[in-house]
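The values are calculated or read from the model by the stated rules, or taken from the named source; none is laboratory data. It should be emphasised that the depicted structure is a prediction, and the values quoted were computed from it without experimental measurement. Ideal geometry is used to build each Cβ from the backbone, glycine not excepted, and the neighbour counts take in all protein chains shown.
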């Protein structure tokens, strides 16, 4: 295993909004699991330095604890990181490298940070579940659809009747 072609130069907590929800009872705390995994919404912003295309700024925003789910916290945390792609890394793969690895690094930092912050609350600490930053493959609509072998459609037509010419005599 070698060194990653994506170097992290610096990362930091850009913003944090964290609240304990009201209405949780002591019984809920005692019966709570050791850690809780919230449903989260994750968004990522990428910015490439126009002067130095190997340099990137990535901001990861994680929100969780909607009022709908039974979860003791609401939070919104943004982490920013500065990254550099190795100059010998293939040009056509650089964007994907940044899109997958940079937010993965920031997400791991966010997981640890949120776990530490919530460990000192009356409720269990947050454990962010795994997410994937690998882009979904494009749907390939250009492939021809395999033709089904059509069964010959046979329709029976009524036999033609010869016109009867009934002449009155």
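Which residues, counting only those in the stretch 110-132, are under 19 Å from the mean Cα position of the chain (by Cα) and surrounded by fewer than 18 Cβ atoms within 10 Å (Cβ to Cβ)? Of everything in the stretch 110-132, those that are under 19 Å from the mean Cα position of the chain (by Cα) and surrounded by fewer than 18 Cβ atoms within 10 Å (Cβ to Cβ) turn out to be 111, 127, 129, 130, 131, 132. Of everything in the stretch 18-42, what is exposed (fewer than 14 other Cβ atoms within 10 Å of the Cβ), within 17 Å of residue 127 (Cβ to Cβ) and modelled with pLDDT under 60? Give them in sequence order. Scanning the stretch 18-42 gives 29, 33. Among residues of the stretch 120-146 that are more than 28 Å from residue 36 (Cβ to Cβ), none has a beta-carbon under 6 Å from a residue that is at pLDDT 85 or above and assigned to a loop (DSSP other than H, G, I, E, B) at least six positions away or on a different chain.
Please verify whether the stretch 74-87 includes one or more residues that are surrounded by fewer than 17 Cβ atoms within 10 Å (Cβ to Cβ), in contact (Cβ under 8 Å) with a residue 60 or more places away in the chain, out of contact with any strand residue (DSSP E or B) (no Cβ under 6 Å at 6 or more places or on another chain) and closer than 20 Å to residue 4 by Cα. Looking for residues that are surrounded by fewer than 17 Cβ atoms within 10 Å (Cβ to Cβ), in contact (Cβ under 8 Å) with a residue 60 or more places away in the chain, out of contact with any strand residue (DSSP E or B) (no Cβ under 6 Å at 6 or more places or on another chain) and closer than 20 Å to residue 4 by Cα, one finds at least one in the stretch 74-87, hence yes. Restricting the stretch 43-73 to residues that are closer than 17 Å to residue 109 by Cβ and modelled with pLDDT under 95 leaves a set whose member that is surrounded by the fewest Cβ atoms within 10 Å (Cβ to Cβ) is 63.
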